[in-house]
1. Using only the alpha carbon atoms of segment 131-201, find the Kirkwood hydrodynamic radius as the inverse mean reciprocal pair distance, in angstroms to one decimal.
2. With springs only between Cα atoms under 10 Å apart, run a GNM on the chain and tell me which of L129, L113, L238 wobbles the most.
3. Show me the trypsin sites (Lys or Arg not before Pro) within segment 52-137 that DSSP assigns to loop and that have at most 14 other Cβ atoms within 10 Å of their Cβ.
4. Alpha carbons only, please: Rg and Dmax for the chain, in angstrom.
5. Can you tell me the relative contact order of the chain? Whole percent, Cα pairs under 8 Å, sequence separation 6 or more.
6. Calculate how many DSSP beta bridges within the chain are antiparallel, expressed in % of all such bridges and rounded to the nearest 5.
7. With springs only between Cα atoms under 10 Å apart, run a GNM on the chain and tell me which of D127, D30, D15 wobbles the most.
8. Work out, in µm²/s and without decimals, the Stokes-Einstein translational diffusion coefficient of segment 114-247 at 4 °C, 1.567 mPa s, Rh from Kirkwood over C-alpha pairs.
Amino acid sequence: MQSEDFDRTLRVVADVPGWMTDAQARRLWDRVANLEAPAQVVEIGSYRGRSAVVLARAARDGVQVTAIDPHAGNDRGPQQIEGTPDEGQDDHEAFLANLARAGVSEKVRHVRLASKDAVSQVEGPIDVLYVDGAHRYGPARDDIAVWGERVAPAGTLLIHDSFSSIGVTLAIIRLLALGSSFEFTGRSGSLAEYRREDVAGARRARNAARQLRQLPWFARNVAIKAALVARLRPLARLLGHRTGAWPY
């Protein structure tokens, strides 16, 4: 039944704009689907609701899903750092419409604030935290550091654009690869997953090594993005990128 529900959810979000592959949606779904009430799921960065719909449809009754996004027009997606309030309002209205169309409006609490201003709006520990906010180093670092502290022991931290965006990857290396509070458990494309656990000694070294082994893939992604910006599609194809879409 869970697999059938997931397949239906993929069909529901097929026309919702966003940067989330089916495999990434599956990873989000699986981490949320087994939570019991009153567990808490928090998403940072919702854009037009593609991932929020997946999280909400995966959540059982009594599991709180909070989506945090100011919909201010900035940091809307790849190469869209600067935007306008009108663009942000369009995103907000599309977000609400997509939640309604998916039948999950009542399951998602939207906090229309920047993540740094929304901390006080979420109470208690977080069982699944999905970070897909601003991808520059400073905001990404702050999201991982501040919100990561709220993840419950054995809880899940998921970070989009890991080993793909330069800012996000630098923040991961600084806080997670060299840290001792989260264990890297794998990734689906650029969606990296961590479990909140203390890692020390040889285990900490192995944890760092597993993350640092992702750096060749990161270098490839950066090279592909540079090729796309320079309109060097043959070079991007040579690097294994078969579409004109931004790698994620």
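Every number in this text was worked out from the coordinates using simple rules, so none of it is lab data. Treat the numbers as computed from the prediction; the structure is a model and nothing was measured. Using ideal geometry, Cβ is built from the backbone for each residue, glycine included, and neighbour counts are taken over all protein chains shown.
1. 11.8 Å
2. L238
3. In loop regions of segment 52-137 (DSSP not H, G, I, E or B), the sparsely surrounded trypsin sites (Lys or Arg not before Pro) are R60.
4. Rg, Dmax (Cα atoms, Å): 17.5, 51.
5. It rounds to 15 percent for the chain.
6. Of all bridge pairs located within the chain, approximately 35 percent are antiparallel.
7. D15
8. The Stokes-Einstein estimate is 83 µm²/s.
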